[in-house]
Amino acid sequence: MSATEQKPRAVVLVSGGLDSATTLAMAQAEGYDCHALSFDYGQRHRVELAAARRVAESLGAVEHRVITLDLRAIGGSALTDSAIAVPKSPSGEEAAGGIPVTYVPARNTIFLAYALGWAEVLAARHIFIGVNAVDYSGYPDCRPEFIAAFQTLANLATKAGVEGQGMRIHTPLIQLSKADIIREGLRLGVDYSATLSCYDPDEAGHACGRCDACHLRAAGFAAAGVADPTLYRSGPAEG
């Protein structure tokens, strides 16, 4: 790319977790100017936003914005309703293929809609999201058919789309195992000690080591043959 050419812009959803950090690193490596977007949506693990800031800064995002909205107003998830306990593994929900209580109704639809709006403002034609259909197939808004449907919506419902400058939703992790995600992130220089995946961390950001997210993360590091850098409040999780 010559000095006069601008890099293509992309909006990258960054939660502060392992998957979104890897997604940001991959988008950067592909040559995009990355605009990181996070959400303070009333999640009980709000401390993840500190991790999101660390990740965006360390991986060189052009900017990082945090949008505040309140999904506690509708509830329906262990992540937004304090009356619903975060299940501790083995919960059986992931293994059984059901939709866990940690599913947040319409969350990725809402997040992608905000990302789509910001992409239009930035004249960006690319949105990256770290959904994964291997480890999180129980979440309906992490599946390939949902992403395909949203991309269709994006190109029907935006000025850019109807003028022929189509939007593309990138899901580079969607068919990767957790171990493969970790290997790719390490290759790209991701510092996973800066990330937080736990659904029920303490205020200092120490992971519980017992929720499904902690177990999936620990199993990924074990399968990748890499030491788990996660700070746990009660000893490391078992993969």
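The values are calculated or read from the model by the stated rules, or taken from the named source; none is laboratory data. Just so it is clear, the model here is predicted, and its values are computed rather than measured. Please note: Cβ atoms are built from the backbone with ideal geometry, for glycine as well, and neighbour counts cover all protein chains shown.
Quick notes on this structure:
- The one condition in (1) over 25 Å from residue 214 (Cα atoms); (2) under 14 Å from the mean Cα position of the chain (by Cα) that residue 25 fails to fulfil: (1)
- Residue 210 fulfils the conditions (1) in contact (Cβ under 8 Å) with a residue 60 or more places away in the chain; (2) on the phi > 0 side of the Ramachandran plot except for a single criterion, (2).
- The set of residues in the stretch 77-91 being surrounded by 15 or more Cβ atoms within 10 Å (Cβ to Cβ) and not polar (S, T, N, Q) consists of 78, 79, 81, 84, 86, 87, 88.
- Residue satisfying condition, being touching a Gly at 6+ places or on another chain (Cβ under 9 Å) and either touching a residue at least 60 places away in the same chain (Cβ under 8 Å) or farther than 24 Å from residue 211 by Cβ (or both), within set 160, 179, 148, 113: 160
- Only one of 55, 66 that is under 14 Å from the mean Cα position of the chain (by Cα) and either more than 22 Å from residue 128 (Cα to Cα) or part of a helix (DSSP H, G or I) (or both): 55
- Single match in 131, 104 (criterion: touching a Cys at 6+ places or on another chain (Cβ under 6 Å), part of a loop (DSSP other than H, G, I, E, B) and either modelled with pLDDT of 90 or more or of a type in the set (Val, Ile, Thr) (or both)): 131
- Scanning the stretch 112-150 for residues that are more than 23 Å from residue 185 (Cβ to Cβ) and among the β-branched types (Val, Ile, Thr) yields a single hit, 121.
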